[in-house]
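Below is one structure, written out as structure tokens; the observations come after it.
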Amino acid sequence: MCTRVLYGTGNGTFLTGRNMDWSDVHMQTDLWAFPRGMARDGGTGEGTVRWTSAYGSVVVAVYDLAVSDGLNEAGLAGNLLYLVESDFGDAAARGKPTISVGAWLQYMLDNYATVAEAVAAMGDDPLTIITADAPNGKPATVHIALSDAGGDSAIFEFVGGALKIHHSADYRVMTNSPVYDQQLAINAYWDLIGGQHFLPGTINAADRFARASYNLKSTPKFTDPRAALAAIFSQMRAVSTPLGLSDPDKPNISSTLWRTVIDHDARRYFFDSVINPSVIWLDLDKLDLGPGAAARKLKLQQPEDTGGEVSGRLEAAEPFEFLVP
């Protein structure tokens, strides 16, 4: 139900775009700024993982339960996408510290500056993800994509109860099902055919993967920052799903509700709503993300949203509780 693309510009900088596709058009969506130095836990009670945030971050949270997207002040970006095949394993059998699926991405953004750091820390599969159903009744089975200012990329999936990490700067596109190994195999077939001749046109995840990969490969590496931003936005819009289009029997198919674009170098976070089509953004340099600063929030998808930089519109708020069963 989502698509993520990592685009390299002609200046050696990188932009990460993602579409949020979801079946609930009224999904609560909020923009948060969290400072470094926050005492955190995984929200799962006894045995939960605990940490203090090493980096401030700007994130989009859904339903006041889960962090779905974000950028930290070191330039690390993360995107949480639906994956019906996710199997996080039995918590008791795994015997590892637990964390809510809603906190999983925030943990990454709080603790690591680069993709390589996150991959090294997660290499021995140290955490058990505790999941639950989202408010719309769909299971919160997900995988994570990380990207950084150097263009590195990694995909984190739980398959068969164990964490599998796909780490390569070449892994620049991600959608939903099937698992990433199979996505790469399917895309290899379309690479042989060549997108200039024919591309799959449905809104299924594997077809979106093929089209997004071809669009990324075919888009020039613009040196002008404005053109580069337009390029990644156009790529994300090209693989969007029309509003109102969904299939209740196929949870990987839902309408695109919003998009984000992350400029790793400028540390700028863009949000583009299809409900209220005006692009807003945050410059992390305009936010106080130092220790002791308040967590701050801006409600999105609101009629009063207007385009432009919105750091001054965030208001102090108590952080939400992460999703638990």
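The values are calculated or read from the model by the stated rules, or taken from the named source; none is laboratory data. Everything numeric in this text was worked out from a predicted model, so none of it was measured. For neighbour counting, all protein chains shown are included, and Cβ atoms are generated from backbone atoms with ideal geometry for every residue, glycine included.
Quick one: how many residues across segment 1-50 are of a type in the set (D, E, K, R) and in contact with a Cys (Cβ under 9 Å, 6 or more places away or on another chain)? Break it down stepwise before answering.
Going residue by residue through segment 1-50, those that are of a type in the set (D, E, K, R) are 4, 18, 21, 24, 30, 36, 40-41, 46, 50.
When the remaining residues are screened for being in contact with a Cys (Cβ under 9 Å, 6 or more places away or on another chain), the result is 18, 21.
Number of matching residues: 2.
Residue by residue, here is whether (1) touching a helix residue (DSSP H, G or I) at 6+ places or on another chain (Cβ under 6 Å); (2) modelled with pLDDT of 95 or more holds:
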{"site": "Phe222", "(1), (2)": "yes, yes"}
{"site": "Ala228", "(1), (2)": "no, yes"}
{"site": "Val239", "(1), (2)": "yes, no"}
{"site": "Leu245", "(1), (2)": "no, no"}
{"site": "Ile262", "(1), (2)": "no, yes"}
{"site": "Arg268", "(1), (2)": "no, yes"}
{"site": "Asn276", "(1), (2)": "no, no"}
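The rows are residues; the columns are (1) out of contact with any strand residue (DSSP E or B) (no Cβ under 7 Å at 6 or more places or on another chain); (2) touching a residue at least 24 places away in the same chain (Cβ under 8 Å); (3) surrounded by fewer than 23 Cβ atoms within 10 Å (Cβ to Cβ); (4) of a type outside the set (Asp, Glu).
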| residue | (1), (2), (3), (4) |
| --- | --- |
| Asp90 | yes, yes, yes, no |
| Gln106 | no, yes, no, yes |
| Asn111 | no, yes, yes, yes |
| Ala120 | yes, no, yes, yes |
| Pro126 | yes, yes, yes, yes |
| Ile130 | no, yes, no, yes |
| Asp133 | no, no, yes, no |
| Asn136 | yes, yes, yes, yes |
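Taking the residues in segment 32-51 that are charged (D, E, K, R) and closer than 16 Å to Thr128 by Cα as candidates, determine which candidate is nearest to the chain's Cα centre (by Cα). Break it down stepwise before answering.
From segment 32-51, those charged (D, E, K, R) are 36, 40-41, 46, 50; that's our starting set.
Imposing the further condition that a residue be closer than 16 Å to Thr128 by Cα reduces the set to 41, 46, 50.
Values: Asp41: 20, Glu46: 28, Arg50: 22 Å.
Out of the qualifying residues, it is Asp41.
Quickly run through segment 133-159 and pick out the residues that are in contact with a His (Cβ under 8 Å, 6 or more places away or on another chain), of a type outside the set (A, V, I, L, M) and part of a strand (DSSP E or B). Correct list: Ser147, Ser153, Phe156, Glu157, Phe158. Among the residues of segment 1-29, which ones are surrounded by fewer than 18 Cβ atoms within 10 Å (Cβ to Cβ) and of a type in the set (D, E, K, R)? Selection gives Asp24 alone. Just so you know, in segment 39-77 the residues that are touching a strand residue (DSSP E or B) at 6+ places or on another chain (Cβ under 6 Å) and of a type in the set (Phe, Trp, Tyr) include one that is nearest to Ala295 (Cα to Cα), and it is Tyr55.
What single numbered condition from (1) surrounded by 12 or more Cβ atoms within 10 Å (Cβ to Cβ); (2) acidic (Asp, Glu); (3) in a loop (DSSP other than H, G, I, E, B) fails to hold for Asp272? Asp272 satisfies all of (1) surrounded by 12 or more Cβ atoms within 10 Å (Cβ to Cβ); (2) acidic (Asp, Glu); (3) in a loop (DSSP other than H, G, I, E, B) except (3).
Consider segment 52-76 and keep the residues that are among the small types (Gly, Ala, Ser) and either more than 10 Å from the chain's Cα centre (by Cα) or assigned to a loop (DSSP other than H, G, I, E, B) (or both). The one that is surrounded by the fewest Cβ atoms within 10 Å (Cβ to Cβ) is Ala54. Taking residues in segment 223-239 that are over 13 Å from Val261 (Cα atoms), and partners anywhere that are assigned to a helix (DSSP H, G or I) and not charged (D, E, K, R), the pairs with Cβ atoms closer than 7 Å and at least 6 places apart or on different chains are Ala238/Asn215; Val239/Ala212.
Conditions tested, residue by residue: (1) under 19 Å from Tyr55 (Cβ atoms); (2) over 16 Å from the mean Cα position of the chain (by Cα).
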position: Gly78; (1), (2): yes, no
position: Leu81; (1), (2): no, no
position: Glu85; (1), (2): no, yes
position: Asp110; (1), (2): yes, no
position: Asp124; (1), (2): no, yes
position: Thr128; (1), (2): no, yes
position: Ala134; (1), (2): no, yes
position: Pro139; (1), (2): no, yes
position: Ala149; (1), (2): yes, no
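The residues listed here are Phe222, Phe209; of these, the one that is part of a loop (DSSP other than H, G, I, E, B) and among the aromatic types (Phe, Trp, Tyr) is Phe222.
Please work out which residue is farthest from Tyr82 (Cα to Cα), limiting yourself to segment 1-57 and to residues that are among the basic types (Lys, Arg) and in contact (Cβ under 8 Å) with a residue 60 or more places away in the chain. Show your work before the answer.
If we filter segment 1-57 for residues that are among the basic types (Lys, Arg), which is where we start, we get 4, 18, 36, 40, 50.
If we keep only those that are in contact (Cβ under 8 Å) with a residue 60 or more places away in the chain too, we end up with 4, 18, 36, 40.
Working: Arg4: 11, Arg18: 12, Arg36: 28, Arg40: 24 Å.
Within segment 1-57, the match that is farthest from Tyr82 (Cα to Cα) is Arg36.
Taking Trp32 as the residue in question, decide whether it is surrounded by fewer than 18 Cβ atoms within 10 Å (Cβ to Cβ), at pLDDT 95 or above and not polar (S, T, N, Q). Against the criterion (surrounded by fewer than 18 Cβ atoms within 10 Å (Cβ to Cβ), at pLDDT 95 or above and not polar (S, T, N, Q)), Trp32 does not qualify.
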